[in-house]
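Okay, structure first, notes after.
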Amino acid sequence: MALNLSIHNLSLAAGTLPEFLPDQIAAAAGAAGFRHVGFTIEPGRWTAEQKRRTMAAISQYELSILDVEVIWIPEGGALTDDHRLIIEAGQELDADHVLVVSAEPDPERTAAALHQLCAWAAPSDMRICLEFLMITAVQTLDSALDIVTRCDHPAAGVLIDSLHFQRAGHDIAAIPAIDSKLLPYCQLCDGNLHCLDDFDSYLEDALDLRAIPGGGQLPIADLIAALPVATPFSLEVRSKALRDSFPDPVARAEAVFQQSMAYFKSIGISVR
């Protein structure tokens, strides 16, 4: 498969530094060489002081914000002020995307909640991206695309995560047929090719067993080649081994940045 040789923005995902606050993640990303970053916004911890410190770090390192996360659509689909706060934080940070997952099994209720999130985000031109994974109610790419179609809002899209794409058993060859507007960015990591088929194994796989691109067995190069031109990449490398080896956030971000850059160079991919 021919590789996509356009330039991709490269962001440090919040999940790579899950134990740190947004201001610490921004500082680590900037010190490591990233130009883009993402944050987990926890309503109870997103205080005026945390916002101030985060904005200061963003300004210091001239970062752009690829995404904020994570909005969980609950069973029943009812949204709350906490969900809207995450949208508003993304707007204040000038984020490009908001990551959404769903615990609601009914696609119509999930689509209705997704539409409401899109309506809240639309004034800032943020995209609301539904992620599919085996530990939520939306487990496949087809299910996520169906919900986005039902949602019927131009701000809605689907987020492909390289690990969850593999766990869902999808064929990379199906990606080019998807409307590129529905795939505004992608989360990348490497990892084990296979995983036991049960909830606990999927959870451990997602939270502890990921690897830096090039450090595992996933077909990352083929996935990149199938994605739309210049798709931004969010490096979500949730890894217990990395957390143990690099407890310092800057050191961990540097390891992820340097090893990822070497991998992208080796497969002929340009990132910035």
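All of the numbers you see were taken from the coordinates with simple rules; none came from a lab. On a predicted model such as this, the values are computed, not experimentally measured, just so you know. Cβ placement follows ideal geometry from the backbone for every residue including glycine, while neighbour counts extend to all protein chains displayed.
At-a-glance table
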| item | result |
| --- | --- |
| Residue satisfying all of: in segment 56-87; of a type in the set (D, E) and crowded, with 17+ Cβ neighbours inside 10 Å; nearest to S234 (Cα to Cα) among these | D67 |
| Counted residues, segment 196-216 - those being under 17 Å from I160 (Cα atoms) and assigned to a strand (DSSP E or B) | 1 |
| Pair list, Cβ under 9 Å, 6 or more apart: segment 217-233 residue at negative phi, other residue in a loop (DSSP other than H, G, I, E, B) and of a type in the set (G, A, S) | Q217/G191; L218/G191; I220/G214; A221/G268; A225/A2; V229/S6; T231/S6 |
| Options A253, A262; residue that is crowded, with 19+ Cβ neighbours inside 10 Å, in a helix (DSSP H, G or I) and either among the aliphatic types (A, V, I, L, M) or at positive phi (or both) | A253 |
| Filter result (within 19 Å of the chain's Cα centre (by Cα), buried (at least 16 other Cβ atoms within 10 Å of the Cβ) and not in a strand (DSSP E or B)) within segment 179-195 | L182, L183, P184, Y185, C189, G191 |
